[in-house]
Amino acid sequence: MVQNIVYDWATGKIYQQFQFVFSLKFRNLNYINDRINLRELILDQYPYLANILGEVWKNPEGLLFIFDGLDEFNDKIDFSDSRRDTEPQYTCTDPEFKCKVSDIVYSLIQHKLLPGCSVLVTTRPTALDLLEEADISEYFIRYFEDQTVAAAVFKHVKENEILYTMSYNPSYCWILALALGPFFTQRVRDPQRVPKTITQLYSYYIYNILKNYGREIENPRDVLLRVGQMAFRGVSEKKIVFTDGDLIKNNLQPSQFLSGFLMELLEREDSARSVVYTFPHLTIQEFVAAVAQFLNPHPGDILKFLTEAHNMTDGRFEVFLRFVAGLSSPMTVRGLEEFLGPFPHETNCKGLDLESCHIQCEGLQRLVPGLHKCQELRLEKVGLTDSGVEDLHTAVSTNRSLTELNLVSNSLTDQSIPALRRLVLTLPNLTGIWLGRNRFSETGEKELKTLQEPRPRLGVIL
């Protein structure tokens, strides 16, 4: 967006009242630890203006400063801090006066520095309305040469609410197009395999990288683990730009395989130029960080990471945790396991207590990715009907750790007994099933008691 603004200004389409537009990224400003003045800040990006900046300052009305990505800035700019108006060390009034970067930005915005200039600040939004449907459709039309493919991808996105909510942002549209496109260009199409959740979408994004570049390295699992560990450290520290030092620290070397995950950016530092690395999108960094938790040779460590993540209240781990939850489903990672080997699915949750939530059949279907890990499942008074037992059976059919199942106070009748029998036989470690306060007949209750005959350790409590 910022590049487009600068381009439109340079070509005369907008903002012709400005003689100079200075575009600065907050992610780059994070590397400035010492006090600095506005002159040095500008010359770091625009060294060819060294001889004329003195004249430029004389007409502040002709200046536009763009600060891009406030959400990526490590320092905090508190506009409600009254000390800035009373204590001079917090205010910068001269382009030659050295102070903190945050104070320069604050002073420009408050017109205490170069009064009359204009300032535009961008930041990641916390909430956005969706783009118009026509805009989203146009994105896919422009992305794909084959308009049949464009229409098919847009149709799939539009019909899937989870994916459609991503498409408010062109960056997400790019990820959607990149990951979904192959499913609609292949001659043999399998609608069941097309990603329907965000975790499935990103899994296929990584799958494509592994498929195209994974064979060029000896151990893609080990390399992806190290990339993910660096990504996780970045999520922990709110860091999205990585240096050669970060790669060395994680025993990584630039390669074609690595370029599938990290983009190289050329940056200016003093008079030299250096290469830095960033993931194509923050959510890709968060996803790779989540994948690394399952590639860790010590599966128990995931509990430590999850505890650490849950203790952070500023939201930095919110997306990461959602990806961890999604990756816990064997169905989601099946394609990745083709290249990375098995994921450790023995990591279980102790027990999803859903009492009185009226989850019913549709809710059970949505919880399928997580129910296969529960040791204790309390579905008391949730409005479960006979048909819901079939959904429950599907949801926990791969569970090898469920020991307790509470179905008390629902609407189950004798018609559900065959499904309950199949359910019990499917769960090898089940030691107790609670079925009281349902609608079973006296004959039905006697039949339920026979569920424990082939399983002496199983208790059927009515």
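A short reminder: the numbers here are calculations on the coordinates, not readings from a lab. These figures come from a predicted structure and were not determined experimentally. Glycine gets a Cβ as well: all are built from the backbone with ideal geometry, and neighbour counts include every protein chain shown.
Taken along the Cα-to-beta-carbon direction at a fixed 7 Å, the label points for GLU376 and GLU338 span 4.1 nm. Cross-link partners for LYS304 among the lysines, with Cα-Cα distance under 16 Å and sequence neighbours closer than 8 places in the same chain left out: LYS350. Here the Karplus curve 6.51 cos²θ - 1.76 cosθ + 1.60, taken at θ = phi - 60°, turns the phi angles of the range 412-417 into couplings of 7, 10, 4, 5, 8, 4 Hz, with x standing for Gly and Pro. Given R0 = 35 Å, the distance between the Cβ atoms of LEU178 and SER255 translates into a calculated FRET efficiency of 0.95. Between the amide H of LEU120 and those of PHE65, ILE66, PHE67, distances stay under 5 Å, these residues lying 5 or more places away or on another chain, with hydrogens modeled in the peptide plane.
Listed by chain and number, the lysines placed with their C-alpha closer than 22 angstrom to that of LYS449 are LYS381; residues fewer than eight positions away on the same chain are left out. Computed from phi, the 3J(HN,Hα) profile of the range 150-167 under the Karplus parametrisation 6.51, -1.76, 1.60 (θ = phi - 60°) reads 4, 5, 5, 5, 4, 4, 5, 5, 5, 7, 10, 4, 4, 6, 5, 5, 6, 7 Hz, with x in place of Gly and Pro.
Under the 0.36 nm per residue contour assumption, what length would be gained going from the current alpha-carbon distance of GLU145 and TYR31 to full extension?
Details: separation 114, 0.36 × 114 = 41.04 nm, distance 4.10 nm.
Contour length minus Cα-Cα distance gives 36.9 nm.
Taking 0.36 nm per residue of separation and subtracting the current Cα-Cα distance, fully stretching the chain between HIS298 and ALA10 would add 98.3 nm.
Taking 25 Å as the limit for the C-alpha separation, the pairs LYS13/LYS238; LYS100/LYS238; LYS196/LYS238; LYS25/LYS155 exceed it in the case of LYS13/LYS238; LYS196/LYS238; LYS25/LYS155. So which lysines pass the test for LYS249, namely a Cα distance under 17 Å, with those fewer than 8 places away in the same chain ruled out? Cα-Cα hits under 17 Å: LYS239. The simple Förster model, with R0 at 22 Å and r as the Cβ-Cβ distance, assigns GLU453 and LEU352 a FRET efficiency of 0.15.
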